[in-house]
Each structure stands twice: as C-alpha cells, then as structure tokens.
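Below is one structure; the comments refer to it alone.
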Amino acid sequence: MKKIIIDKKQATSRTALVENGKLIEVLMDDSALASKVGNVYLAKIENIFKTFAFAEIGAKKKAFLQLEDDIKVKSGDRVVVQITKDAFKDKGAKVSTNITFAGRYIVLTKKNTSSNTIYISRKIEDEAEKARLNKIAADILPTNHSIIFRSASKGIEKKVIENELKSLAAKIESIVNHNNENGVLYEENNIAIYESSLKSLFCENIDAIAINDENEIKNLNLILKQNGYGGTKVDLHADENIFEYYELDHQIEKLKDKKVWLKTGGYVVIEKTEALTVIDVNTGKLTSKKKDTIKKANMEAATEIAKQLRLRNLFGIIIVDFISMEEASSKDELINHFSNEVKKDRLTVNVVGITSLGLVELTRKGTKANNIF
C-alpha cells in the first residue's frame, strides 16, 4: 500500500511517500525555497552568445536560455519562456521557449519546430500497448507539439487521453497568446506550500493521503480534484506529529549517516560533494570472499543504492565503486540489475556503464535540492 504523508506542523512542510511502512521519498516545501519550475514569463533577451543567451525575467539573476537551431532571437526581443531548472547559488534559472504542462496521463509540450515527437514512459514495456499509444498520438497530436505518455496512461481509452490533451493545449495557448507586456504569464497554483511536492509524487499509484492540519483538508481535496485524483482517500491526524505516528522520523534520521549496512554483511558509504556523489561498496563483515558471495553483496548494494538515491534526493553525476569482480558475465548481470532497480525512481536515472577504472557511472536528473536536510 502506497501512502503520501503530509506534515504541516513544522517550520517547513514535509511530504513523504511510504510503501508498506517503508519510506521511499521525502521532500520539503519552504515558501522561501519554493520551486519556480513550470512558471512562464515574458522575458527580455539580453547578452546573446553563440549557443545561449541571458534573459531578464525579473529575478535577481538573469535566466539562461539555450539557443537551438530553430530559436532566432536578437537583443531586446521579448519571448515567452518557461523555467525548467531553478536558480542555484550564483547561477540563474534555466529557461526554455518550449512550453510544457503535465496532466495525469500525458505531458504536452508546444515546441518551436514543426515536427512532432512521441515518447512513452519506460515503465510501459508491452509492445502492443506502445503501438496503441503511438497510434493515439498520431491521431490527436497537433503540429509543433511533443507528447509524453506517463505510466498511468497504460490501458486508458483514447477519448480520455484526447480530452486531457485538449485541456492542456488550451492552457498553453491561453498563456502563449497573452496580453501582458512583461512579467509573469503563469505561476504554479500556490494553493498550498506542499503542493509542488505532492504533485511530484502523483505519478505513483497512491492508495491514500494523510495530513495533520484540519484547515488544509479543503485545499488538499481541491488540489487532488484539479489533478484528476478527486477520489483519493484523505485521512486526518489533527494536532499530531504525523511523521512520528507513521514511524518515519527514525527512518529519516538514518539518512544522516554516510554508512548504510547491508544484510550480507557489507556496507556502502555515500559521500556527497558539490561536483558529484561518490558511493563506495565495501566487504565489511562478509565472512567469505568467494565469487558468489561478492556477487550477492554487489547485487544487494545495487538495490540499496537505487533506494538511497531517491531517499537522499541525490542527483547529477554519481560514481559507484562496487566490490571488484573479475568475470565479465557477473559485471553485466550487475549492471542489468542496477538498471532495473533505478527504473523504480520517478526521476530519470541513466546508468552509463563501467568506466576504464572499473567504476559505475550514472546520472540522476533533478530540478532542485528539496531534500529533507
């Protein structure tokens, strides 16, 4: 059973995803740190370079716009842009002229090119279903658009998907065909501080949501309804430490430890730096150094690391040093297992492969560091 737990009794709202009592992911929402990803602006182009330009959107730092072959702008032009990555430290937000909005079943993008593109969630593996969704897209997708079929679209009839597409397309058009001369054209609905985290977890098959603020029930139900989840069960735990009630506090506390022990007796050490994250797998208390034992420890480590990436919200470049194995077949099996484990992540994780030094390189795509610490 998957459940979302929302804690409104702290200085910052905390939102956790739990499956059968085990913490899968925990996010925080502070109004001062609220993500602006998804916001749309009428930007003024400044400082054009060969492959990028800076754009004024009214923020402290100029936004960064990658100039693709189909984007023709000059200094002083006003263009509609959407934030795709939040500002971080001394870097301004990253923006795109492709305007994107997500529904329950699809993600729709209005592009700058005349060609259409179709993507299907990697969690949909059935070839017949992929073919069905591709056919639906070919029938209903307008020109200059791309569509992503989310995992929830599996088995959903064409009419339902078409209605959602029409709704998203109308939303995009109403924003792009604006009457504003400058400034913000669209902001993500700030009904509740925790909304961004809640919407991030909507891609999961949620059985229920629990919250500890009676005053937020109305807002929560409105958010659910607006995103197609109006029938979701909502439990109220008024005036409670809801994370303690669901035994999450001690699970979160463990995330402060760099060392994570494995059942086989080995352990992993997670070191996060500004440039990348390094994860080292150690033999620890392994009583045997036989090939099968080492392989088993590495396989368990791969499963645990996939979980820790999400729990600690690690993203960017990640390097894993597994226990050394000589056989190529064992290495291949480990990479395949690791690749399957990271598919459970709601964010895109790409296992690049084994480097010349025997290290496993992967990347995890994230938009901001909204982890619990």
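Nothing in this text is a laboratory measurement; each read-out follows from the coordinates by a stated rule. A quick note: this is a predicted structure, and the numbers were derived from the prediction, not measured. Here Cβ is always computed from backbone atoms with ideal geometry, including for glycine, and neighbour counts include all displayed protein chains.
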- Message: I need the phi-derived Karplus couplings for region 37-48: 6.51 cos²θ - 1.76 cosθ + 1.60, θ = phi - 60°, integer Hz, Gly and Pro marked x.
- Response: 4, x, 5, 10, 10, 8, 9, 9, 6, 9, 6, 7
- Item | Table column - 3J(HN,Hα) (Hz), region 233-250, Karplus curve with 6.51, -1.76, 1.60, x for Gly and Pro | 5, 10, 9, 9, 10, 4, 6, 10, 7, 5, 5, 6, 4, 8, 6, 9, 4, 6
- Note on the structure: For region 137-142, in residue order, the Karplus 3J(HN,Hα) values (coefficients 6.51, -1.76, 1.60; θ = phi - 60°; whole Hz; Gly and Pro = x) are 4, 4, 7, 10, 6, x
- Task: Working from Cα positions, state the angle (0 to 90°, nearest 10) between the long axis of helix 217-226 and the longest principal axis of the chain.
- Result: 70
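Note down the magnitude of the dipole of region 40-97 about its Cα centre, charges +1 on Lys and Arg C-beta and -1 on Asp and Glu C-beta and zero elsewhere, to the nearest 20 debye.
Numbers: 12 positive and 8 negative charges, 49 e Å.
That gives region 40-97 a dipole magnitude of about 240 debye.
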- Three principal axis extents, largest first, for the C-alpha atoms of region 40-97, in Å? 28, 19, 18
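Give the shape of region 160-249 as rounded, prolate or oblate, defined through the alpha-carbon gyration tensor: a ≥ b ≥ c are the square roots of its eigenvalues, a/c under 1.5 means rounded, and otherwise the shape is prolate if a/b is larger than b/c and oblate if not.
Values: a/c = 2.94, a/b = 1.86, b/c = 1.58.
Prolate, since a/c reaches 1.5 and a/b exceeds b/c.
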- Note on the structure: Interchain or sequence-distant (5+) residues whose placed amide H lies within less than 5 Å of the amide H of residue 106 are 150
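Given a Förster distance of 25 Å, report the FRET efficiency between residue 214 and residue 11 from their Cβ-Cβ distance, rounded to the nearest 0.05.
My answer for the efficiency is 0.85.
Identify the chymotrypsin sites (Phe, Trp or Tyr not before Pro) of region 1-82 meeting these criteria: DSSP loop state and at most 16 other C-beta atoms within 10 Å of the C-beta. Don't skip to the end; give the middle numbers.
Numbers: sites: 41, 49, 52, 54, 64; in loops: 49.
In loop regions of region 1-82 (DSSP not H, G, I, E or B), the sparsely surrounded chymotrypsin sites (Phe, Trp or Tyr not before Pro) are 49.
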- Task: Would you grab the residues whose amide H sits under 5 Å from the one on residue 111? Only those 5+ places off in sequence or on another chain, please, with H modelled 1.01 Å from N.
- Result: 145, 146
